[in-house]
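Data first, discussion second: the structure below is written as structure tokens.
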Amino acid sequence: MNKTRNMKRRIATAFLLAVTGAGTALHAQQDRNQTLVRSEAYGLEYEIKAGINVGGASPLPLPEEIRALTGYSPNINLAIEGDLVKWWGERRKWGVIVGVRLENKGMEAKARTKNYSMEIIGDGGERMKGNWTGRVQTKYRSSLVSVPLLAAWRASDRVRVSAGPYLSIQTSGDFSGYVYDGYLREGDPTGNKVNFEGESTAPYDFSDDLRTLQWGVQAGVTWRAFKHLNVHADLSWGLNDIFQKDFQTITFAMYPIYVNIGFGYAF
């Protein structure tokens with residue numbers, strides 16, 4: 001008899017907990033639905049995106065000091081972004097996108113150069129500056145917090161086009177490499193000749209000369225593959241040099257140009 005009563009109590013308690021849990025879940029879902037309804041009424045969308053940056057930092061046009069690019073690796077540059085989209089009008093055709101993006105940009109490149117302005121580091125830590133003729137290997141890495149502000153246009157129910165400026169703050173950066181198979185003319189093209197032959201190399205490091213604040217323009221297309229899943233491709237084009245204004249060793253400006261390809265969840 002006692003066992004029967006205990007069993008009934010347990011069943012009643014379990015039923016009560018199940019009802020309470022279901023009620024809480026239903027209430028939470030109603031709150032979420034109400035939030036979505038309010039967002040849709042105000043023309044708001046939210047999106048979380050992830051992608052890969054492919055590109056590099058390049059002078060435009062290619063200067064005569066760089067005779068040929070002999071190697072290139074884009075490396076793996078990840079980007080994570082959160083966007084708020086505000087649409088206007090009954091048809092929701094035009095809108096504005098504001099986002100925050102955590103991203104890496106980078107590359108590795110090899111080049112054959114002639115009279116390329118360079119500052120190398122000797123075996124004893126001394127720095128030698130002059131004109132380099134020979135091979136150069138470069139590694140570029142940059143971690144950034146970027147804020148795009150874009151105009152958006154719905155070309156169709158599934159396709160969205162966007163374009164506008166972005167602002168980036170570099171949190172860490174690396175621009176370094178080494179020279180080999182050539183010679184350095186110290187001071188100017190007629191200065192003392194220092195040869196690097198065979199396996200002899202000399203490193204260089206301009207990481208401290210990278211610019212903290214960068215800006216440019218961005219344009220892209222987003223395709224709604226499913227109800228909540230988006231696929232995107234965005235081109236970002238830097239409009240200021242990656243190096244600080246007073247940096248004179250590299251005599252030409254270098255601009256970060258990258259394509260970001262990835263997917264996003266819209267809600």
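The values are calculated or read from the model by the stated rules, or taken from the named source; none is laboratory data. Since we're looking at a predicted model, the values are computed, not measured. In this analysis, Cβ positions are derived from the backbone assuming ideal geometry, glycine residues included, and neighbour counts consider all displayed protein chains. For accessibility, only protein heavy atoms count, side chains too; no ligands or nucleic acids. Shrake-Rupley method; radii C 1.70, N 1.55, O 1.52, S 1.80 Å.
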Between their Cα atoms, which of K86/K227; K193/K245; K114/K245 are more than 26 Å away from each other? K193/K245
Relative to the present Cα-Cα distance, how much length would full extension add between L84 and T171 at 0.36 nm per residue of separation? 29.0 nm
So which aspartates and glutamates can K110 reach, going by Cα to Cα under 13 Å and dropping same-chain residues fewer than 8 places off? D181
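Could you please state how large a percent of the accessible area of the stretch 135-267 is carbon and sulfur, counting protein chains only and using a 1.4 Å probe? Let's see the in-between values first.
On the way: 4010 of 6830 Å².
About 59 percent, which is the carbon plus sulfur part of the accessible surface.
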When only C-alpha pairs under 8 Å and at least 6 residues apart count, what is the relative contact order of the stretch 226-267, in percent? 58
Lys, Arg +1 and Asp, Glu -1 on Cβ, resulting dipole of the stretch 71-229 about Cα centre, debye, nearest 20: 1280
For the stretch 100-195, what are Rg and Dmax over the alpha carbons, in angstrom? 20.8, 67
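Of all the C-alpha pairs in the stretch 136-267, what % are more than 26 Å from each other?
Working: 3815 of 8646 pairs.
Counting pairs separated by more than 26 Å, the tail of P(r) holds 44 percent.
Rank by packing, highest mean first: peptides 170-181, 84-95, with packing defined as the count of other Cβ atoms within 10 Å averaged across residues. Mind dumping the intermediate values first?
Details: 170-181: 17.1, 84-95: 13.3.
Top of the packing list down: 170-181, 84-95.
Length gain on complete extension for the stretch V145 to D209, per 0.36 nm per residue less the alpha carbon to alpha carbon distance?
Details: separation 64, 0.36 × 64 = 23.04 nm, distance 1.85 nm.
Residue separation times 0.36 nm, minus the Cα-Cα distance, leaves 21.2 nm.
Could you work out the Rg to Rh ratio of the stretch 65-150, with Rh taken as the Kirkwood radius (inverse of the mean 1/r over all Cα pairs)? Mind dumping the intermediate values first?
Values: Rg = 21.3 Å, Rh = 16.8 Å.
Rounded to two decimals, Rg over Rh is 1.26.
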In square nanometres, what is one fourth of the surface area of the convex hull spanned by the alpha carbons of the stretch 46-88? 5.2
